[in-house]
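Undergrad: Mind looking over this structure? Questions follow.
The values are calculated or read from the model by the stated rules, or taken from the named source; none is laboratory data. In this text the structure is predicted, and so the values were computed from the model without any measurement. Heads up, the Cβs are rebuilt from the backbone with ideal geometry, glycines too, and the neighbour counts pull from every protein chain shown. The protein model used for the area step is the full one, side chains on, heavy atoms only, and it has no ligands, DNA or RNA in it. Shrake-Rupley method; radii C 1.70, N 1.55, O 1.52, S 1.80 Å.
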Amino acid sequence: MTETRPTVLRARGITKRFGDREVLRGIDLDAARGDVVSILGGSGSGKSTFLRCLNLLELPDAGTIEIAGSPAPLAHDARGRARIANPRALNALRAKTAMVFQNFNLWSHMTVIDNIAAAPVHVHGMARAEAVARAHDLLDKVGMTGFAGHWPRQLSGGQQQRVAIARALATDPDLMLFDEPTSALDPERVREVLDLMRALAGEGRTMLIVTHEMAFARDVSSHVVHVRDGVIESMGPPALMFGPDASPVFRGFLSPP
């Protein structure tokens, strides 16, 4: 009997407007535990906006989101404007996700160890000694042993991103969101971050990754999604998406004239 993996993400009809511009036009996407979903698309296609909608850094104008059984607490006023209906439920939703940003977004006023320990202590109520011990283990995991007392400004871009990944892992999230995690790195630093993400995928982490790294998406993903003009133009396993039966639009995206 085939084992059914639990659904970690269920998004339906996600729509987002900025003024008169409709950036997302009804996106549906599921991810089961252990899925690695690469989201590809051109600049302005809506892929990063979709990622930010999932943990409500952006509030979608329509649609529903559920992460590991927690529905997004969205409501709309009489004019159709989105709002958070229940701040406590928002915290519960965000406790199940972690996001790694393009530009690292480490807290500059905190040392490396405090960057990693902050969320377990202040969001999850973990004892500080336990959070610090876990943070040291995570620094070992991401190849940053010995950097606990450094400040973010003392680190290279690749080092900052590895600390950012350790910070994301500190709360043991159900869903990890990566928004172009290598695009701000020097070429020689890209591989070390991608290798770390490959290792996380091998652990069975559920990950949604907005990326321009096509070889990584082909080799690591369980599913590849092509977003174009705010909709999912095509999606499927890498063997399909990078093979001869891919949609002509996606093939054009991979090999522009």
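Undergrad: Out of the residues in region 171-203 that are small (Gly, Ala, Ser) and touching a residue at least 60 places away in the same chain (Cβ under 8 Å), which is least open to solvent (accessible area, probe 1.4 Å)? Step through it out loud before you land on a result.
TA: The initial filter retains those residues of region 171-203 that are small (Gly, Ala, Ser), namely 183-184, 199, 201-202.
So of that shortlist, the ones also touching a residue at least 60 places away in the same chain (Cβ under 8 Å) come out as 183-184, 201.
Details: Ser183: 58, Ala184: 45, Ala201: 22 Å².
Ranking the candidates gives Ala201 first.
Undergrad: Taking the condition free of Cβ contacts under 8 Å to residues at least 60 places away in the same chain and touching a helix residue (DSSP H, G or I) at 6+ places or on another chain (Cβ under 7 Å), does Gly157 pass? So that I can check it myself, show each step before the final result.
TA: Numbers: free of Cβ contacts under 8 Å to residues at least 60 places away in the same chain: yes; touching a helix residue (DSSP H, G or I) at 6+ places or on another chain (Cβ under 7 Å): yes.
In short, yes.
Undergrad: Which residue pairs have Cβ atoms closer than 9 Å, lie 6 or more positions apart in sequence or on different chains, and pair a first residue in region 238-249 that is farther than 20 Å from Glu213 by Cβ with a second residue that is assigned to a helix (DSSP H, G or I) and not hydroxyl-bearing (Ser, Thr, Tyr)?
TA: Cβ pairs passing all conditions: Pro244/Arg251; Ser247/Met241.
Undergrad: Give the residue that is farthest from Lys47 (Cα to Cα), with candidates limited to residues of region 214-257 that are in contact with a helix residue (DSSP H, G or I) (Cβ under 8 Å, 6 or more places away or on another chain) and acidic (Asp, Glu).
TA: Filtering first and then ranking leaves Asp219.
Undergrad: When both residues are 6+ apart or on different chains and their Cβ atoms are under 7 Å apart, which pairs have a first residue that lies in region 33-58 and is charged (D, E, K, R), and a second that is part of a loop (DSSP other than H, G, I, E, B) and surrounded by 21 or more Cβ atoms within 10 Å (Cβ to Cβ)?
TA: That search, which allows pairs on different chains as well, returns Arg33/Thr206; Asp35/Thr206; Lys47/Gly41.
Undergrad: Still on this structure, I have one more. Go through region 204-221 and report how many residues are over 21 Å from Arg52 (Cα atoms) and surrounded by fewer than 19 Cβ atoms within 10 Å (Cβ to Cβ).
TA: From region 204-221, those over 21 Å from Arg52 (Cα atoms) are 204, 214-216, 218-220; that's our starting set.
Still in the list and also surrounded by fewer than 19 Cβ atoms within 10 Å (Cβ to Cβ): 204, 214-215, 218-219.
Of the residues in that region, 5 qualify.
Undergrad: Also, I was wondering about something else. Could you tell me which of the residues Arg191, Arg167, Arg153 is modelled with pLDDT under 95 and basic (Lys, Arg)? Break it down into steps so the answer makes sense when it comes.
TA: Working: Arg167 fails: modelled with pLDDT under 95; Arg153 fails: modelled with pLDDT under 95.
That would be Arg191, the only listed residue that is modelled with pLDDT under 95 and basic (Lys, Arg).
Undergrad: Here is a list: Pro256, Pro248. Which entry is modelled with pLDDT under 95 and either farther than 19 Å from Thr49 by Cα or open to solvent by less than 90 Å² (accessible area, probe 1.4 Å) (or both)?
TA: Working: Pro248 fails: modelled with pLDDT under 95.
Only one candidate passes the filter, namely Pro256.
Undergrad: If you scan region 78-125, which residues turn out to be under 30 Å from Gly19 (Cβ atoms), among the polar types (S, T, N, Q) and open to solvent by less than 50 Å² (accessible area, probe 1.4 Å)?
TA: Of everything in region 78-125, just one residue is under 30 Å from Gly19 (Cβ atoms), among the polar types (S, T, N, Q) and open to solvent by less than 50 Å² (accessible area, probe 1.4 Å), namely Thr97.
Undergrad: Also, quick follow-up: Mind checking whether some residue in region 138-153 is open to solvent by less than 50 Å² (accessible area, probe 1.4 Å) and within 17 Å of Gly34 (Cα to Cα)?
TA: no
Undergrad: When region 90-111 is examined, which residues are found to be of a type in the set (Val, Ile, Thr) and either in contact with a Cys (Cβ under 6 Å, 6 or more places away or on another chain) or modelled with pLDDT under 90 (or both)? First the steps, then the outcome.
TA: So in region 90-111, the residues of a type in the set (Val, Ile, Thr) come out as 97, 100, 111.
Across region 90-111, there are no qualifying residues.
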